[in-house]
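A short reminder: the numbers here are calculations on the coordinates, not readings from a lab. These figures come from a predicted structure and were not determined experimentally. FYI the Cβ positions are ideal-geometry reconstructions off the backbone, even for glycines, and counts take in every protein chain you see.
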Amino acid sequence: MTTTFPLHHESQGDVAAGIDEVFAYLDDPRHIAEHMENSSAMMAGSAMRIDVDARAGRTIGSQIRMSGRMCGLSLSLEEAITEREPPRHKAWQTFGTPRLIVIGHYRMGFDLAPADAATQLCVWVDYELPSSGLPHWLARPLARFYARWCTEQMVRTAQQRFQPVAQPA
């Protein structure tokens, strides 16, 4: 199923936890895609619903579906886990025909590496522009902006989950 995509973006950050703990958390698609389930300005006040199959998105071939509405348009996509190498790497890719606005098919994933008492997280997306809808001159900058927002949100979600609790003085 792996395809080559013309566009790429990645975001990185350190997470204050061990690599096994970070992988276990991000291995659940509902955690890493949490930003899609929350209403946000980037989603024009809308949110997506995330459904996973019986394998919960934690095995190669497992499937994830997202659906929702934005500005009166029906959005949906299906993804399948294509690579999973605990505790360092996981990737998934769209299949079928995604119904999205600024991005088309994509392959996405994360890579982890130990970094002293923390874990270095890199979330990346390889993508293409949608085949119809927005004009190409408008889709490209919007897709770049969306890819950056999405990968940054995934890094931020992991960092917040493992943020050290402040001790009272």
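Would you confirm, using the coordinates I've provided, whether residue 159 is touching a Ser or Thr at 6+ places or on another chain (Cβ under 9 Å) and not in a strand (DSSP E or B)?
No.
Filter segment 109-139 down to residues that are in a strand (DSSP E or B) and without any contact (Cβ under 8 Å) to a residue 40 or more places away in the chain and give me whichever is farthest from residue 9 (Cα to Cα).
Residue satisfying both the conditions and the ranking: 111.
Can you find a residue in segment 84-93 that is in a helix (DSSP H, G or I) and touching a residue at least 24 places away in the same chain (Cβ under 8 Å)?
The answer is no; no qualifying residue exists.
Of everything in segment 132-158 that's in contact with a strand residue (DSSP E or B) (Cβ under 9 Å, 6 or more places away or on another chain) and surrounded by fewer than 18 Cβ atoms within 10 Å (Cβ to Cβ), which residue is farthest from residue 64 (Cα to Cα)?
Applying the filter and picking the extreme gives 140.
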